[in-house]
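Quick note: the coordinates plus some simple rules give every number you see, no bench work behind them. Please read all numbers here as calculations on a predicted model, not as lab measurements. Note that we place each Cβ from the backbone using ideal geometry, even for glycine, and neighbour counts take in every protein chain shown.
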Amino acid sequence: MVHSISILGCTGSIGRQTAAVAEHTGIRVAALTANRKIDLLEQQARKFKPDFVAVYDEDAARAFKIAVADTPIRVGSGMEGLLEAATLPESDCVVTAVSGAVGLKPTLAAIDAKKRIALANKETLVCAGDLVMARAKERGAEIVPVDSEHSAIFQCLTGRGAGELKKILLTGSGGPFRGRRREELETITPEEAVRHPNWSMGAKISVDSSTLMNKGLEFVEAMHLFSVTPDDIQVVIHSQSVIHSMVELVDGTVIAQLGVPDMGLPIQLALTWPERKPSLFEHLDFWKLRDLSFEEPDLVNFPCLRLAMDCARRGGTAPCVMSAANEVAVHKFLRHQLGYNRIYDAAAEAVERVGVVAADDLDTILAADAAARVFVKEHF
Ligand code: MG
């Protein structure tokens, strides 16, 4: 179990839930970082009294520094600030809850500093999976996934020997538009897309869940995290989100992890692992559960998942380009500047037009990420 943490991206959905878990479990918060929501950041800073706070946006950092001038908290800014928070000697674990490629460098820095990584930033493994996993192995840094599916797989695989795994069964709810045809999705509004039936999440990931791009990103992540090939992962739509994922072993045994759909649970486990502590979350009530259903994912009407699986097979910078293009397209959609179905078009065209190269080093990856963003901004 960890004793003190740095929360990168503390004002987002995962960041706020991590702070709540830290409070409940008595884990000290040594550092916080945010982009520019300094009002909430100030509340958190006054409550948790961290040693260090970084604000990514320079103007917001100046305003924040003035706001907390009466406290002993040190304040940093920009990428330098994120890197300091990620490597702070006072922290033994870094929760990477920032969204986007901005999380990459701090995650690598935290690995180099041998921190436990409670991984919640999807782009880290989607864009730089080979690099990050190789570095973690080399430095002996632990990566404990926070995403509910990967946390489930991680738990199901604990204690299994090499060669025992047959395949990973990655479950997903199918999102709020499950069962609809692509033509019917043309007029979906941001307000409709962010209302997820089971999970409470930020706007970007809620849209990704509705297009199944989120499942696609998780597919790529699972491949890296558990050293398997795309053929070893089967996506199973399970609309109740009670089973958070499963593993099938070579003898045919299937091990599943179940729990209420609350992100607080995998967050807490990533911090207390390998121990378990009582939690404040609701427990499953099997008398209320009734039916658990399973179906195949609809790759025709939800082509983002198929695109992600294709990119996983292509490898190199393909998943990175797809993810960056998708991120820009989703933000445009959320601002009513792009139609719902155009999100897929933007991601798919970016992969074809930006091109795919080997993802050997961070500069190549960041360049591919930037090129994909420019492509979508200019063409969509
Ligand atoms: Mg998930």
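Here are some notes:
- Cβ-based net charge around M223, under 14 Å, with every Lys or Arg adding one and every Asp or Glu removing one: -3
- Inter-probe distance in nm under a simple model that places probes 7 Å from Cα toward Cβ, at L292 and D231: 2.9
- Each pair of Cα atoms in the chain enters the Kirkwood radius, and Stokes-Einstein at 37 °C and 0.692 mPa s then converts it into a translational diffusion coefficient of 156 µm²/s.
- Cys residues of the chain that find no other Cys beta carbon under 4.7 Å: C10, C93, C156, C304, C311.
- Compared with the direct C-alpha span, the chain from Q337 to E164 gains 57.5 nm at full extension, assuming 0.36 nm per residue.
- Rounded to 5, the percent of DSSP beta bridges in the chain classed as antiparallel: 25
- Each of F380, V357, H336 was placed along the dipole of the range 284-380 (beta-carbon charges, centred on the mean Cα), and the one lying farthest toward the positive end is H336.
- Taking 7 Å steps out from each Cα toward its Cβ at R180 and A69 produces label points 5.1 nm apart.
- Unsatisfied cross-links (Cα-Cα over 24 Å) in the set K137/K167; K167/K277; K115/K137; K49/K115; K166/K215; K115/K332: K167/K277; K115/K332
- Sparse-neighbour loop sites [GluC sites (Glu not before Pro); the range 268-364; at most 10 other C-beta within 10 Å; DSSP]: E275
- Efficiency of FRET from Cβ geometry, W199 and A370, R₀ 35 Å, rounded to 0.05: 0.70
- Column: log10 I(q)/I(0), Debye, Cα scatterers of the range 315-380, q = 0.13 Å⁻¹: -0.30
- Sites listed here are chymotrypsin sites (Phe, Trp or Tyr not before Pro) in the range 244-306 whose DSSP assignment is loop and whose Cβ has at most 13 other Cβ atoms within 10 Å: F294.
- For V351, the shell of other residues with beta-carbons less than 9 Å away shows a net charge of -1, using +1 for Lys and Arg and -1 for Asp and Glu.
- Of the GluC sites (Glu not before Pro) found in the range 182-232, the ones in coil according to DSSP and having at most 12 other Cβ atoms within 10 Å of their Cβ are E186.
- For T253 and D59, a Förster radius of 35 Å and the Cβ-Cβ distance give a FRET efficiency of 0.05, rounded to the nearest 0.05.
- By the helix-only formula, in which each DSSP H run with n ≥ 4 contributes -39500 (n - 2.57) and the sum is divided by residues, the chain has a 222 nm mean residue ellipticity of -14500 deg cm²/dmol.
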